[in-house]
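Only the coordinates and a few stated rules stand behind these numbers; no lab work does. Values in this document were obtained by computation on a predicted structure and should not be read as measured data. For neighbour counting, all protein chains shown are included, and Cβ atoms are generated from backbone atoms with ideal geometry for every residue, glycine included.
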Amino acid sequence: MPSTRYDAGTGAAGAPIEGARVHTGNLDATGMRIGVVVSRFNDIISTRLLDGAVGALRQRGVGAGDIDVVWVPGAFEIPIAARELASHGGVEAVVCLGAVIRGDTAHFEYVAGEAAQGIASVHAATGVPATFGVLTVDTVEQATDRAGGKHGNKGAEAADTAIEMVSLLRDLRLGRTDEQRTSG
Ligand code: INI
């Protein structure tokens, strides 16, 4: 059976799988309300991730007043704020941003691990997608490279992922396939 590859960035879809009801999200964020939780620790990096995320959200069509930005002290505190925002903040997705840098962090594994597990648990507990834009790297240079440097901006990528997931979940809740969405 041929497989279908879909790129939400370009909207390019492969050949449809005959007879299957195919569902894929896209990056049209018109009418979405999105939360962003960002940690102050290593704020030189996290502010760049935030710039990338907000830039991507705005570029995809999210209104400025439909973006809630929540600051927390460190990556360890991201999950509790993300869960609150997802449960009671009226947002359809939460973008989580921060930087855990091994070079400066004796308890790197604990902080990074708790952030990752805690953010993943937001999905399970609330049904609201929470995306992982937390850098877990060895050096400040590696973080800089991923916060608007030579490896792109992981904040922007996490924002795009949130939009794609909201789009996909909307379609799944409506029981709508790609074909039905494009035909009207
Ligand atoms: N928090 C981070 O977001 N990144 C780090 O690199 C980091 N370091 O280096 O320790 C860090 N620590 C703080 C942690 O997230 C909590 O805020 C703190 O332990 C209080 O709970």
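Rounded to the nearest 10 degrees, the inclination of helix 108-126 to the longest alpha-carbon principal axis of the chain is 30 degrees. Across every direction, the projection of the convex hull enclosing the Cα atoms of the chain has a mean area of 11.4 nm².
Under a 5 Å amide H cut-off, with hydrogens placed 1.01 Å from N, G148 pairs with N153, K154 among residues at least 5 apart or on other chains. Shown is the FRET efficiency for D68 and H151, computed with R0 = 30 Å from the Cβ-Cβ distance and rounded to the nearest 0.05: 0.65. Oblate is the label for segment 109-184. Its Cα gyration tensor axes, ordered a ≥ b ≥ c, give a/c of at least 1.5 and b/c at or above a/b. Note on the chain: helix-only mean residue ellipticity at 222 nm, from DSSP H runs of 4+ residues weighted -39500 (n - 2.57) and normalised by residue number, equals -13500 deg cm²/dmol.
For segment 94-146, the C-alpha radius of gyration divided by 2.2 N^0.38 Å, with N the number of residues, is 1.21. Model label points for R40 and R170, set 7 angstrom from Cα along the Cα-to-Cβ axis, are 3.5 nm apart.
Seen against the Cα atoms of the chain and their longest principal axis, helix 43-59 is set at about 20 degrees.
Modelled spin-label separation between S121 and S87, with each label point placed 7 Å from Cα along the Cα-to-Cβ direction: 1.1 nm.
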